[in-house]
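What follows draws every value from the coordinates through simple rules; no lab data is involved. In this text the structure is predicted, and so the values were computed from the model without any measurement. Cβ placement follows ideal geometry from the backbone for every residue including glycine, while neighbour counts extend to all protein chains displayed.
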Amino acid sequence: MVLASHPKSNRREPLQEVPPTPMKPPVPDCRIWIEIDDFMRMFDWSLTPTGIGRVQMELIPALLDRHGDRIRLFRLGHSAGDVRTVSHREVRALVARMRALRGDTPAKRARIRVAQALRAARRTVGRWASAAAPGGHARQFATDIRPGDLVVNFGASWENPHYAAALGALKQQHGFRFVLFVHDILPVSHPGLVSPVHAPNFARWLTAMMPLCDAILTPSRATRVILEDWLAEHGMAIPAIRPVRYGDGLVAPRRDAGIAPVCEAPYVLFVSTIEIRKNHLALVRIWKRLIEAHGRDAVPALVFAGKLGWQIADLLRELEATGRLDGKIRVVENLSDAQIQAAYDACLFTVFPSLCEGWGLPVSESLAHGKYCIASDATSIPEAGGRFCDYFPPTDEDEAYRLIERALFEPGFIEKREAVIHREFAPVPWTQTADQIVAFFGELDGRTAKASLQAAQ
């Protein structure tokens with residue numbers, strides 16, 4: 001049985017063989033309001049969403065597809081009066097446009113940037129109009145929302161320094177219940193592995209948001225344990241926390257044989273933002289050892305597919321000094337959904353040596369494409385991969401080397417593992433994630449989660 005832990009906790013919790021908690025049907029009269037300001041702003045600057053943006057791009061349309069009659073969308077700015085409702089149609093159009101991106105060419109990027117600039121300009125004009133006639137959007141929101149409705153945020157609201165104050169004032173005015181999806185708390189549990197600016201901002205946001213939460217969603221049991229320990233350590237009340245598994249894979253366009261491969265030679269794939277937490281440098285050292293042991297021609301290429309992030313100076317120096325191991329390492333950025341799908345399909349297998357995660361999307365995406373993955377056993381990653389992956393401690397490069405070497409050179413090994421994946425792995429669609437979230441909302445049964453917990457005690 002795989003166990004999860006984190007540096008500040010001695011608690012260890014089983015990550016496998018835990019039956020799902022039975023869920024009551026949702027309360028039919030309760031409206032669900034999704035606050036999507038950071039999600040909408042993402043379309044103004046991002047060509048290829050990753051991380052939380054990626055999750056929202058899959059989850060929000062799934063919620064609209066399955067429960068659209070109950071769902072309302074709105075944006076919250078820097079104050080309780082800065083509220084704007086958003087139509088389902090507008091969100092669907094933005095998501096469809098992003099998903100339709102088939103490849104990454106300079107001309108296509110230029111067209112998208114022009115469209116993003118025009119959209120940002122229209123939003124600015126809209127704000128000027130709102131300033132000229134203040135309160136219109138807020139009055140519409142006040143007319144539509146009802147006491148006891150559920151407001152949920154799936155995004156990165158810490159980017160708005162006034163978010164907690166604005167949400168708290170809005171909640172006090174309208175009497176809704178609030179549910180926050182906490183994807184991870186790595187900036188406070190592993191502060192040395194994130195941007196130095198981000199860690200204190202996130203800590204302030206988390207401290208301010210927790211008293212507003214009637215319930216919390218997490219993507220994994222490991223994240224729930226880490227969050228509960230952090231709340232206890234800081235003397236804060238622990239609301240109802242429900243792990244709800246992310247869906248597997250991308251809702252990508254149909255496979256396109258015309259998409260150029262990310263690498264002409266056989267390759268192993270690592271999909272991730274390129275940042276210190278993802279542990280790319282360990283793979284560079286392992287590939288160097290493989291080449292020394294087996295010869296350059298016998299070792300496949302290693303493809304890093306992801307945007308350049310932070311605290312990677314050592315990695316970049318090593319890649320430059322070695323000529324990317326004489327061309328054995330490839331770095332590809334800004335891949336579209338279709339290109340990522342093609343990259344998974346064509347790889348030998350995938351690797352994911354991350355030091356810590358809230359879930360581990362590339363691991364479950366790899367399995368959804370039928371590809372074996374060798375991954376770190378840190379935090380939530382074994383939940384994402386289950387028994388279909390092989391794991392190593394992220395600081396144990398010898399064990400990682402052994403697993404990768406076996407996969408590359410043991411005859412028939414990859415074929416056997418892929419056969420098990422194809423036969424037994426059941427991908428979780430994002431619509432199932434959406435259904436589980438709405439079912440959890442139904443369990444609140446017209447009361448706040450805090451009131452339910454107090455009654456139970």
- Message: On a straight-distance basis, which aspartates and glutamates could pair with Lys171 in a cross-link, Cα separation under 20 angstrom, same-chain partners fewer than 8 positions away excluded?
- Response: Asp29, Glu35, Asp37, Asp38, Asp82, Asp144, Asp149, Glu159, Asp214, Asp445
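Label the range 177-263 by shape, choosing from rounded, prolate and oblate, from the square roots a ≥ b ≥ c of the eigenvalues of the Cα gyration tensor; if a/c is under 1.5 it is rounded, and otherwise prolate applies when a/b is larger than b/c, oblate when it is not. Before the final figure, lay out each step's value.
On the way: a/c = 2.87, a/b = 1.81, b/c = 1.58.
Cα axes put the range 177-263 in the prolate bin.
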- Message: Let me check I've understood the local charge: for Ala282, count other residues with C-beta under 10 angstrom from its C-beta, Lys and Arg +1, Asp and Glu -1. What total comes out?
- Response: 0
- Pull out the extension gain between Asp65 and Ile238, defined as 0.36 nm times the separation in residues minus the alpha carbon to alpha carbon distance; nm, one decimal. 59.1 nm
- Note on the structure: Here the relative contact order (percent) of the range 267-426, from C-alpha pairs under 8 Å and at least 6 apart, is 22
- Query: In the neighborhood of Pro429, defined by Cβ-to-Cβ distances under 14 Å, what is the net charge if each Lys or Arg adds +1 and each Asp or Glu adds -1?
  - Reply: -3
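Among the listed pairs Lys278/Lys371; Lys288/Lys416; Lys328/Lys416, which are separated by more than 24 Å between their Cα atoms? Don't jump to the answer; show the numbers that get you there.
Numbers: Lys278/Lys371 20 Å; Lys288/Lys416 27 Å; Lys328/Lys416 26 Å.
Cα-Cα > 24 Å for Lys288/Lys416; Lys328/Lys416; rest within.
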- Query: Tell me, what is the FRET efficiency for Arg289 and Thr143 to the nearest 0.05, using R0 = 51 angstrom and their Cβ-Cβ distance as r?
  - Reply: 0.20
